[in-house]
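Structure in structure tokens, see below.
Every number in this text was worked out from the coordinates using simple rules, so none of it is lab data. Keep in mind that what you see is a predicted model, and the values were worked out from it rather than measured. Here the Cβ positions follow ideal geometry from the backbone for every residue, glycine too, while neighbour counts run over all protein chains shown.
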Amino acid sequence: MKQPARANTAPTYATTCLSYYAGSGVRGGPFRDARRLFEEIPAARRNVFTWNTLLSIGILDRHGRGATFLDMVGKGLTPTQFTLTNVLSSCAATEASGIGRKVHSSFVVKLGLSSYVPVANSVLNMYGKFGDAETPKAVFQRMPMHSLSSWNSMVSLYDRQGAMDLAVSMFENMEERRSIVPWNAVIAGYNQNGLDRTALKFFSRMLSSDSSMEPDVFTATSVLSSCANLRTLKMGKQMHSYILRVGMPYSGQSQMTNALISMYAKSGSVETARKIMDQAVISDLNVISFTALLEGYMRNEHGITPEMSHYACMVDLLARAGLLTEAQEFIQRMPVAPDAIVWGSLLSACRVQKNADLAELAAEKLLSIDPDNGGAYSTLANVYSTCGRWNDAARIWKLRKDKAVKKETGFSWTHLHSKVHVFGADDVLHPRRDAIYKKADEMWEEIKKAGFVPDLNSVLHDVDDELKEELLSRHSEKLAIAFSLISTPEKTTLRIMKNLRVCNDCHMANKFMSKVVEREIIVRDATRFHHLKPLSRVEYLNVRKKYSLFFLVHMLPDD
């Protein structure tokens, strides 16, 4: 249907036309077409049923649904139970807590629909996604009756919050016949909270308590993950055999694929893990897949057990590549508690990606480990500044001052001719400062001619762009590199150390310097080594375009 049918007749006919789009099942397009069709209906002929039909199509366009609901109530129409169920589900899916809480208080409660089971279930699910345990508990207790979905929502809520005692208590008190959903929630909860033996025991109980209860993809994923953590290859193989025997689909199930790869890799069967990866659909593979296999090769081929520094490096790689969601998932799946360096890597990347919400989480975790970490306050304030949240930035600076937490001063150094040369930003103490600044200025102009564009966002002071450039060109590692260039023969590899993390501008500037001077530059900062080798312009653009951990697959040994 290239153009939506014209709808200037009755609302019932218009609703029928809209229902065509609701049943089409194609994402994106149907909602836009349906919205155009809806707009052709005269305003006087639109009623709550036509609005509800449009909202049901909006399930394929969550943001569209929210806007549609606001339009609807703005026209003075009262939402029905069906309307609120859809909108609350949308708020849960998009974690729109502000509008979700408003819909609950201003419509569900005021319209007296709190006892209507489908609406109440949507409220339970929504607050569960928001991480709020008290509100859904009160809603659940006030419900005159509970459906299976009500119980499932409460079990899943406590499971996600790690309150396994409450989750199991809710599970045991279920009034309805249990489906696979609450079993999966409890098994997954034990697995995600490090209680893998209990997870497998609960799985065994599931199989013995109801012969008709068959594990599904979610069950298999949790069981395989627990087998991986416990290195129980025998049970892991049994689960894999069951998957193959019942024809459980692999395609589109990246979590189950990852669990299989991890189980075999951690249990010593790295070649089997590699075969599963080779046979998997490429869209089902992600960072977790490659990380699990890399860890398997480290343990089994090279006898290296991953230490905190390895995990920190992986988080840093992911974060610097802009893969913040993947970095957060990686941290959550670490078998050891992340340290301050891990959270610091994630926090620093949040400024570049302008992700204030994740920055707040990372800063909270970092400061719980290292309360006197001045860099955490500074970086969080810088994230707020980058996002234009100046009041929040000022609040963090004041908080740091009130707590008398000092920020560590950044400096870089290099070892030449049996002597250590130390540089700070805008350093004027070195005896060769004039020659160093002359070389630094020359290099700054050369790399800009080669295509380098200064990252002015790395300077958060309220100054003009010209001064921002000057401040960037005077960073300590740039001065250390300039000194090394005038103090060593051509083609000599330059080795620079820095006590803090290298900023984004310096990392890219150093990469261009390596290209311009045709030298390898190795910078060791607080978390990682930066190996910068001369690249052609085409190679440089390809690295920027394709930089991701998927390159790690080329590091794996052949079969």
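So for the stretch 308-402, taking the charge dipole from beta-carbon charges (+1 Lys/Arg, -1 Asp/Glu), which of W343, A312, L380 sits furthest toward the positive end?
Positive-most Cα among the choices belongs to L380.
Under 5 Å between amide hydrogens, which residues at least 5 positions from R519 or on another chain qualify, with H placed 1.01 Å from N in the peptide plane?
none
What is the dipole size for the stretch 308-402, taken about its Cα centre, with +1 at each Lys and Arg Cβ and -1 at each Asp and Glu Cβ, in debye to the nearest 20?
320
I need the shape label for the stretch 308-402. Rule: rounded when a/c is under 1.5, else prolate if a/b > b/c, else oblate, with a, b, c from the alpha carbon gyration tensor.
Verdict is oblate for the stretch 308-402.
Tell me the net charge near V246. Cut-off is 12 Å between Cβ atoms, V246 excluded, with +1 for each Lys or Arg and -1 for each Asp or Glu.
So the environment of V246 carries a net charge of -1.
While we're looking at this one, here's another question. Any chance you could run the full-extension gain for M145 through R524? It's 0.36 nm times the residue separation minus the Cα-Cα distance, nm to one decimal.
Here the answer is 130.2 nm.
Check each of the GluC sites (Glu not before Pro) in the stretch 119-204 and keep only those in coil by DSSP with at most 12 other C-beta atoms within 10 angstrom; list them in order.
E175
Of the peptides 76-82, 409-415, how do they stack up when ordered by the mean number of other Cβ atoms within 10 Å, highest first?
Most protected by this proxy first, the peptides run 409-415, 76-82.
How much length is gained if the chain between S241 and E442 is pulled fully straight, taking 0.36 nm per residue apart and subtracting their Cα-Cα distance, in nm to one decimal?
Extending this stretch completely gives an extra 65.9 nm.
Between the stretch 478-508 and the stretch 317-365, how many Å separate their Cα centres?
27
Using mean Cβ contacts within 10 Å as the protection proxy, how do 475-482, 519-526 order, highest first?
So the peptides 475-482, 519-526, ranked by packing, come out 475-482, 519-526.
Straight-line reach from K75: which lysines fall under 23 Å, measuring Cα to Cα and dropping same-chain residues less than 8 apart?
Hits, sequence-local ones excluded: K102, K110.
Continuing with the same structure: Filter the trypsin sites (Lys or Arg not before Pro) in the stretch 388-440 down to the DSSP loop ones having no more than 14 other Cβ atoms within 10 Å, then list what survives.
Counting only loop positions with at most 14 other Cβ atoms within 10 Å, the trypsin sites (Lys or Arg not before Pro) in the stretch 388-440 are K403, K406, K407, R432.
Around L77, what is the net charge, scoring Lys/Arg as +1 and Asp/Glu as -1 over all other residues with Cβ under 11 Å from its Cβ?
+1
Once amide H atoms are placed 1.01 Å from N in the peptide plane, what residues at a sequence separation of 5 or more from I496, or on another chain, have their amide H within under 5 Å of its amide H?
Amide H neighbours of I496, under 5 Å, 5+ apart: I522, V523, R524.
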